[in-house]
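Since the structure comes first, as structure tokens, the remarks are kept for the end.
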Amino acid sequence: MRRHIAGLAIILWVVSLGAAQRPINSESLNIQGSDRTGSEASRKRPKPYQIGTASWYGSDFQDKPTASGEPYNMYDLTAAHPTLPLGSWVRVTNLRNGRAVVVRINDRGPVVPGRIIDVSYTTARALQFKSQGLQRVRLDVVHPPQTVAMLKPLAY
């Protein structure tokens, strides 16, 4: 009898360990079907500002004035958007590979219908557009990047 109780206790202990664990990867979480408000997943991934097709522009526009008045530099992390305020910061995520970069909106565009943003040459390289001129992206408006001040230790 004592062996049966000990065996049963061990089995219950093992089962309870397995039941207490959460899914290991995020794909196992059912975020869409969850009816809990304020869940951990919804706080981490807010609703995107926009999802659509991005293109990039490069040397043909180098040093030409942008809508903000500054000359276009294809090596800066900048972009053109039709409606966001100039100077806004946007995280652009390549939906094909998950790579993301934060860019500053300094121009108006794109002028081609159906596209939501034109990114600089360097931004396209960072997002790994490869030889493709177009890519499906997600836009998230972010706060301006904070400059981290390096302070010298105080001498006492």
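Values in this text are rule-based calculations from the coordinates and carry no lab data. These numbers were taken from a predicted model, which means no experiment stands behind them. A quick note on method: Cβ atoms are made from the backbone with ideal geometry, for glycine too, and the neighbour counts reach across all protein chains shown.
So, in region 79-91, how many residues would count as being under 19 Å from LYS47 (Cβ atoms) and in a loop (DSSP other than H, G, I, E, B)? Show your work before the answer.
First, the residues of region 79-91 that are under 19 Å from LYS47 (Cβ atoms): 81, 83-84, 88-91.
Filter again for in a loop (DSSP other than H, G, I, E, B), leaving 81, 83-84, 88.
Of the residues in region 79-91, 4 are under 19 Å from LYS47 (Cβ atoms) and in a loop (DSSP other than H, G, I, E, B).
Looking at region 73-87, which of the residues that are free of Cβ contacts under 8 Å to residues at least 40 places away in the same chain and small (Gly, Ala, Ser) is surrounded by the most Cβ atoms within 10 Å (Cβ to Cβ)?
Looking at the filtered set, the residue picked out is ALA80.
Are any residues in region 92-116 over 17 Å from TYR75 (Cα atoms) and outside any loop (DSSP other than H, G, I, E, B), and if so, which ones? Steps first, please.
Looking only at region 92-116, we keep the residues that are over 17 Å from TYR75 (Cα atoms), and these are 93-99, 108-116.
Matches in region 92-116: THR93, ASN94, ARG115, ILE116.
Report, by residue number, each residue of region 45-61 that is polar (S, T, N, Q) and either surrounded by 14 or more Cβ atoms within 10 Å (Cβ to Cβ) or within 15 Å of LEU77 (Cβ to Cβ) (or both).
Within region 45-61, the subset polar (S, T, N, Q) is 50, 53, 55, 59.
Residues satisfying the conditions are GLN50, THR53, SER55.
Looking only at region 97-126, which residues are touching a Phe, Trp or Tyr at 6+ places or on another chain (Cβ under 9 Å) and free of Cβ contacts under 8 Å to residues at least 60 places away in the same chain? Walk me through how you get there before you give the answer.
Pass one, region 97-126, residues touching a Phe, Trp or Tyr at 6+ places or on another chain (Cβ under 9 Å): 102-107, 109-110, 118-125.
If the condition is that a residue be touching a Phe, Trp or Tyr at 6+ places or on another chain (Cβ under 9 Å) and free of Cβ contacts under 8 Å to residues at least 60 places away in the same chain, then VAL102, VAL103, ARG104, ILE105, ASN106, ASP107, GLY109, PRO110, THR122, ARG125 are the ones that fit.
Could you check region 88-114 and list, in sequence order, the residues that are farther than 19 Å from LYS64 by Cβ, surrounded by fewer than 18 Cβ atoms within 10 Å (Cβ to Cβ) and of a type outside the set (S, T, N, Q)?
If the condition is that a residue be farther than 19 Å from LYS64 by Cβ, surrounded by fewer than 18 Cβ atoms within 10 Å (Cβ to Cβ) and of a type outside the set (S, T, N, Q), then TRP89, ARG91, LEU95, ARG96, GLY98, ARG99, ALA100, VAL102, PRO113, GLY114 are the ones that fit.
Select from region 126-139 the residues that are surrounded by fewer than 16 Cβ atoms within 10 Å (Cβ to Cβ) and farther than 24 Å from LYS47 by Cβ and write down the one among them that is farthest from the chain's Cα centre (by Cα).
Taking region 126-139 and keeping what is surrounded by fewer than 16 Cβ atoms within 10 Å (Cβ to Cβ), we get 128, 130-134, 136.
Of the ones still in play, those that are also farther than 24 Å from LYS47 by Cβ are 128, 130-133.
Details: GLN128: 14, LYS130: 19, SER131: 22, GLN132: 20, GLY133: 20 Å.
The residue in question is SER131.
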